[in-house]
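The following block contains the structure, expressed as structure tokens.
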Amino acid sequence: MSPNPARAALTLVAAVGVVGACRQRWELDQIRRGCRAPIWAATSAVPGSSHGPIATRVAAWHPQRPVTRAGQVVAATWAAPVTFAGLLVAAASGVWPRWRPDAGVLVAVGAGGLAARSGVDATALGHVIICRRDRLSPKLLVHELAHVRQAERLGPLLIPTYAWWLARHGYRDNPLECGARGATRAVLDVRTGRP
């Protein structure tokens, strides 16, 4: 029987994802115990030079929403597999997302089940934002929208890329998380008028 490369790739992504999820839970437990500063206290840049030039560039990457209708359609199509995964996770979490035309995303609030076990307040999968709370704060919305923009650029490569960096760097230092925190700070600084 010949090996199935697709099955091997999916198994590898799943294994890396499990390692990353365990590392993320450990980090969140460290924060709860006071052994580490909260995630928002972290800088937007990936610390240390050992992360490499690609991770450092991704940590500073703040993609914007496509401007043209054609660009939005292409971005949504490219991110569609991840969006579909987001719809499945929302359904497994007991909520159904509602369309937010101002943000161009589906938002599911009050998620339980699978989403509640992740340990984070919200997560973005493609154009679906799933939030454990009953309401999505403006700061959290901006952060998750940065992940939506990352999904528009990376498409189906987002999940294995995120899982790899989660396993390698952890949640706090994941370059995609650093980029989203940096994008959040940039948007909030513009809104508040801070330099």
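Just so you know, all these numbers are worked out from the coordinates, no wet-lab data involved. These numbers come from a predicted model, not from an experiment. Cβ placement follows ideal geometry from the backbone for every residue including glycine, while neighbour counts extend to all protein chains displayed.
Mind giving me the FRET efficiency for residue 188 and residue 14? R0 is 30 Å, r the Cβ-Cβ distance, nearest 0.05 is fine.
After rounding to 0.05, the efficiency reads 0.30.
What does the net charge come to around residue 149 if you take all other residues with beta carbon closer than 14 Å to its beta carbon, with K and R at +1 and D and E at -1?
0
How would you rank 153, 7, 172, going from fewest to most other Cβ atoms within 10 Å of each one's own Cβ?
Placing the least packed residue first, the sequence is 7, 153, 172.
For 166, 188, what ranking results if the residue with the fewest other Cβ atoms within 10 Å of its Cβ goes first?
The order, fewest Cβ neighbours first, is 188, 166.
Taking the simple approach of a point 7 Å from Cα along Cα-to-Cβ for both residue 25 and residue 98, what is their distance in nm?
3.3
By count of other Cβ within 10 Å, fewest leading, how are 137, 93 ordered?
The order, fewest Cβ neighbours first, is 137, 93.
First check a/c for the range 72-111, with a ≥ b ≥ c the square roots of the eigenvalues of its C-alpha gyration tensor; if it is under 1.5, answer rounded, and if not, answer prolate when a/b is larger than b/c or oblate otherwise.
Note, shape of the range 72-111 comes out oblate.
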